[in-house]
Amino acid sequence: MLIRVANMDDIEQLRHLYSELETDAVKYQPEHFVRCYRNDAFFNSIFESDNQDILVAEVNGKVAGFSHVMILKQKNIACLKPQTAVYIQDMDVLECERSKGIGKLLMDASKEYGKRNGADFIRTEVFPQNIDGMRFYKRNGFGEMMKTIECQL
């Protein structure tokens with residue numbers, strides 16, 4: 001298994017992974033999410049960016065999972081320490097490849113990406129209904145720091 005930065009040749013396989021990810025998002029929060037098509041411009045904007053990448057796990061020449069990582073500075077607010085985070089925007093492992101250590105390898109690579117880019121911590125979001133995802137992140141050292149609450153208008 002190989003963890004590497006994605007490139008143009010990976011787009012079709014990444015589209016399949018994003019489709020799987022969005023199916024879960026719609027299942028967990030249909031009031032906020034829809035399935036969509038990720039066009040080439042979406043991927044090119046990431047590939048050409050200087051503060052984000054898509055890390056892929058390649059198994060037998062196929063992309064089995066990915067982590068879309070971004071380097072973000074904390075908001076410039078007086079009471080916040082000036083810190084930098086590596087933010088996992090999206091992460092998915094093909095359902096048929098789960099429980100094989102691929103997610104752990106992608107998480108380790110995401111943390112290393114952050115360290116190489118001067119991040120102080122790593123952050124992401126997970127649906128509270130996603131019990132397997134919650135368990136995965138906890139096993140990888142994540143803990144709840146803040147709760148987001150909302151109300152429909």
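The values are calculated or read from the model by the stated rules, or taken from the named source; none is laboratory data. Since the model is a prediction, treat every value here as computed from it, not as a measurement. Neighbour counts run over all protein chains shown; Cβ positions are idealised from the backbone, glycine included. In case anyone asks, the SASA skips ligands and DNA or RNA and just uses the protein heavy atoms, side chains included. Shrake-Rupley method; radii C 1.70, N 1.55, O 1.52, S 1.80 Å.
How many of the residues making up the stretch 63-82 are open to solvent by less than 60 Å² (accessible area, probe 1.4 Å) and touching a residue at least 12 places away in the same chain (Cβ under 8 Å)? Please lay out each step first, then the result.
Residues of the stretch 63-82 open to solvent by less than 60 Å² (accessible area, probe 1.4 Å): 63-71, 74.
Now narrow it down to the ones that are touching a residue at least 12 places away in the same chain (Cβ under 8 Å): 63-71.
Within the stretch 63-82, residues that are open to solvent by less than 60 Å² (accessible area, probe 1.4 Å) and touching a residue at least 12 places away in the same chain (Cβ under 8 Å) number 9.
Can you tell me which residue among N44, N60 is of a type outside the set (D, E, K, R) and open to solvent by 50 Å² or more (accessible area, probe 1.4 Å)? Give the steps one after another, and end with the answer.
Values: N44 fails: open to solvent by 50 Å² or more (accessible area, probe 1.4 Å).
The conditions single out N60.
Scanning the stretch 95-140 for residues that are among the aliphatic types (A, V, I, L, M), surrounded by 16 or more Cβ atoms within 10 Å (Cβ to Cβ) and either without any contact (Cβ under 8 Å) to a residue 40 or more places away in the chain or touching a Leu at 6+ places or on another chain (Cβ under 9 Å) (or both) returns I102, L106, A109, A119, I122, V126.
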